[in-house]
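Peer 1: The structure is given below, and queries will be raised subsequently.
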Amino acid sequence: MNPTATLPDDPRLPGLVAIRDRGLARAIPALGLEQGGEGVALELCGYHPGARATLEARVGRRRFAVKAFADDPAPEAALYQALRAAALAGDSGARVPPLLAWDHDLRVLVIGWLEGPTTHQLVKQGQGRRAGELAAQWVQRTASLPVKLGLPFGAAGMMHETRAWIGTLGTADLSVGAAARALAEALARTEPRDDGSVGLVHGTLYARHILDVGDGPGVIDWHRFGQGPVELDAGMFLATLCRLRLLHPVHAGEALLAEQAFVEGTRGLVDEGALAWHQAAALLQLTERLPAGRGDWRARAHLLLAEATRLIERAAPREPIAPRRRAASWFKAPALELVLQALSARPATPEELDQIRALLRESHDRAS
């Protein structure tokens, strides 16, 4: 493969620089591309300067994603290993992309490519109910998943980030900033109390991150994963549907069907007050990105903030969330961490996956 000079020359992404200068085959020899002799086609499909980049790679009939980072991607690599051990990286049912290779020094992950429309696309195609059902299936599947990787991330973390969101909006427009500040104050008054019922959360479960892979949901882009309440992911998914419904009225009917199907599919798993709170917080987060867009972003911002304010009225005022079945709270699993560290340069073997599964079961039993 010839060097790909059309890729950005970003010194903070050593993996991207290596691929640009040497080509993918030489930069990531673990993929075995040089032995195959086939040409590699690369397309930049996501880029955040100085932070991360995602490339779509095609080699013959193979298709996979190459993700280059400024920060160490070891935690995300460990997560893919653990999810594979938990039977979530297969060819059927709910799944995540399999980890194909990763390079610690270059800070690069190579993962499989999941085929299928996103739930965002399904809504636009008139399949709103299918979109909501797929998202509910994912939340149900992961609600008791014994994967204890990632930092704590819940309501307190969202409240901490509201300062930056308000700052961005206030700098762009005083009236939008004032509405955002009022919403943040309401969020602070109704913040749900952490009750210990946490589990693996995606962190950015947008409708664009859930795919219809045929016989279940596939979920991509795990760089913000952590340990938190189920309502965090559920609220973000509903917030992205709400944004689609409010800002694109032609899709409002299907977006509502998706919301209804999701709520029906997660009934009994989520606390309604906490869900409303997290959806409102997620709408504030989504509003913060509008100033970078085109057109009358101020009108769109006020629409989203007004909906978030309406939602926050349904949030319970600082009361514990009702107990529900979730994975056990955050804890450290030293043995599991050591195994995953040992796999810092390659995917796990079948024997090592059995060891990870045993450690996951042991951790789950200890916490139950």
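Peer 1: To the nearest 20 debye, what charge dipole does the stretch 182-261 have about its Cα centre, counting +1 at the Cβ of each Lys and Arg and -1 at the Cβ of each Asp and Glu?
Peer 2: 240
Peer 1: Next question, about the same structure. Write down the accessible area per residue of the stretch 261-304 in Å², having rolled a 1.4 Å probe over the full set of protein chains.
Peer 2: Accessible area per residue, the stretch 261-304: 41 Å².
Peer 1: On to the next question. Where the centre of each part is set by its Cα atoms, how far does the stretch 80-155 sit from the stretch 200-267, in angstrom?
Peer 2: Their Cα centres are 12 Å away from one another.
Peer 1: Can you run phi through the Karplus equation (6.51, -1.76, 1.60; θ = phi - 60°) for the stretch 221-226 and list ³J(HN,Hα) in whole Hz, with x for Gly and Pro?
Peer 2: Each residue's phi maps through the Karplus curve to give 6, 9, 6, 10, 5, x Hz.
Peer 1: Quick one: net charge around L290, please, counting Lys, Arg +1 and Asp, Glu -1 for every other residue with C-beta under 13 Å from its C-beta.
Peer 2: +2
Peer 1: Now for a different question. Explain nothing, just compute: Karplus ³J(HN,Hα) = 6.51 cos²θ - 1.76 cosθ + 1.60, θ = phi - 60°, for every residue of the stretch 174-184 in order, whole Hz, x for Gly and Pro.
Peer 2: With the stated coefficients, the stretch 174-184 comes to 5, 5, 5, x, 5, 5, 5, 5, 5, 5, 4 Hz.
Peer 1: Within the set of other residues whose C-beta is less than 11 Å from the C-beta of L7, count the net charge using Lys and Arg as +1 and Asp and Glu as -1.
Peer 2: Spelling it out: positives minus negatives among the neighbours equals -3.
Peer 1: With the cut-off at 1.5 for a/c, could you classify the stretch 106-202 from its C-alpha gyration tensor as rounded, prolate or oblate?
Peer 2: Note, shape of the stretch 106-202 comes out prolate.
Peer 1: Could you give the size of the charge dipole of the stretch 229-307 about its Cα centre, using +1 on the Cβ of each K and R and -1 on the Cβ of each D and E, expressed in debye and rounded to the nearest 20?
Peer 2: 420
Peer 1: Counting only protein heavy atoms and using a 1.4 Å probe, what share of the accessible area of the stretch 181-305 belongs to carbon plus sulfur, as a whole percent?
Peer 2: 50
Peer 1: If you bin every alpha carbon distance in the stretch 1-113 into 5 Å steps from zero, what whole percent lands in each bin?
Peer 2: P(r) for the stretch 1-113, in whole percents per bin: 2, 13, 22, 25, 19, 12, 5, 1.
Peer 1: What is the stretch 257-304 by shape, rounded, prolate or oblate, if you read a ≥ b ≥ c off the alpha carbon gyration tensor as root eigenvalues and call it rounded for a/c under 1.5, prolate for a/b larger than b/c, and oblate otherwise?
Peer 2: Prolate is the answer for the stretch 257-304, as a/c is 1.5 or above and a/b outweighs b/c.
Peer 1: I'd like to know which of P152, A178, I166 lies farthest towards the positive end of the charge dipole of the stretch 102-215, counting +1 on Cβ of Lys and Arg and -1 on Cβ of Asp and Glu.
Peer 2: It is A178.
Peer 1: When the Karplus curve 6.51 cos²θ - 1.76 cosθ + 1.60 is applied with θ = phi - 60°, which whole-Hz ³J(HN,Hα) does each residue of the stretch 27-32 get, with x for Gly and Pro?
Peer 2: 5, 10, x, 4, 6, x
Peer 1: If you don't mind, there's one more thing I want to ask. Enumerate the amide H contacts of R193 below 5 Å, restricted to partners 5 or more residues apart or on another chain; note that Pro and chain-start residues carry no placed amide H.
Peer 2: Those lying under 5 Å, H to H, from R193 are E319, I321.
Peer 1: So what is the relative contact order for the stretch 200-286, in percent, with contacts set as C-alpha pairs under 8 Å and at least six apart?
Peer 2: 32
Peer 1: Shape verdict for the stretch 212-314, please, from the Cα gyration tensor: rounded (a/c under 1.5), prolate (a/b greater than b/c) or oblate.
Peer 2: Because its axes are fairly even, with a/c under 1.5, the stretch 212-314 counts as rounded.
The values are calculated or read from the model by the stated rules, or taken from the named source; none is laboratory data. As the structure is a computational prediction, the values presented were derived from the model and not from experiment. Cβ coordinates were reconstructed from backbone atoms using ideal geometry, including for glycine residues, and neighbour counts include every protein chain displayed. Note: areas computed on protein heavy atoms with side chains; ligands, DNA, RNA excluded. Shrake-Rupley method; radii C 1.70, N 1.55, O 1.52, S 1.80 Å.
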